[in-house]
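Below is one structure; the comments refer to it alone.
The values are calculated or read from the model by the stated rules, or taken from the named source; none is laboratory data. Since this is a predicted model, take the numbers as computed values, not measurements. All Cβ positions, even for glycine, are placed from backbone atoms using ideal geometry, and neighbour counts span all protein chains on display.
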């Protein structure tokens, strides 16, 4: 079995998006946000993504090289209301869901791929777990974009403010890509 670096696996995972969307340079950006030296032992990435559409959806993928098992591991998670019909009516039950179960992985319009340290990666996992325990969704205050923002803040990345131009997931992630180098 050949070993495939995590970044290559991430890019291959997003290949369907490239074939549909066309211009990869306008849709993906790669940055290194490691704030400390990392001992040898694997690479860690967070991918901040948004799906296209009138409303759209934002989510975060965690990817890492596992040198012990000689493979790469990845999974993506987003925040959803438990019942989409009640999502517009204030705070409702919500859940962090693996994107593969929703069929969203690989259909992204915009992707910010961020190389991070193991500490940053694990901090982002802690944020995801906190959100999963809270089990709340609010279309205006606690939606998929605010979940993505909480993870981005933990790296830390510069995050855009939510306004008319960045209210929907795709424009928000585009602005996130623009703000971070």
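Listing for the model above:
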item	result
Identity of the residue in segment 74-93, assigned to a strand (DSSP E or B) and out of contact with any helix residue (DSSP H, G or I) (no Cβ under 8 Å at 6 or more places or on another chain), that ends up surrounded by the fewest Cβ atoms within 10 Å (Cβ to Cβ)	93
Hits in segment 143-181 - residues which are assigned to a helix (DSSP H, G or I), farther than 18 Å from residue 109 by Cβ and more than 15 Å from the chain's Cα centre (by Cα)	164
Subset of segment 40-52 that is more than 18 Å from residue 162 (Cα to Cα) and touching a helix residue (DSSP H, G or I) at 6+ places or on another chain (Cβ under 9 Å) - its residue that is surrounded by the fewest Cβ atoms within 10 Å (Cβ to Cβ)	41
Scope segment 124-138; condition outside any strand (DSSP E or B), buried (at least 16 other Cβ atoms within 10 Å of the Cβ) and without any contact (Cβ under 8 Å) to a residue 60 or more places away in the chain; matching residues	127, 131
Filter result (outside any loop (DSSP other than H, G, I, E, B), under 16 Å from residue 56 (Cβ atoms) and at pLDDT below 95) within segment 103-123	110, 111
The listed residue being touching a residue at least 24 places away in the same chain (Cβ under 8 Å) and in contact with a helix residue (DSSP H, G or I) (Cβ under 9 Å, 6 or more places away or on another chain), out of 147, 119	147
Qualifying residue in segment 57-65 (condition: at pLDDT below 90, touching a helix residue (DSSP H, G or I) at 6+ places or on another chain (Cβ under 7 Å), within 22 Å of residue 179 (Cα to Cα) and crowded, with 19+ Cβ neighbours inside 10 Å)	no
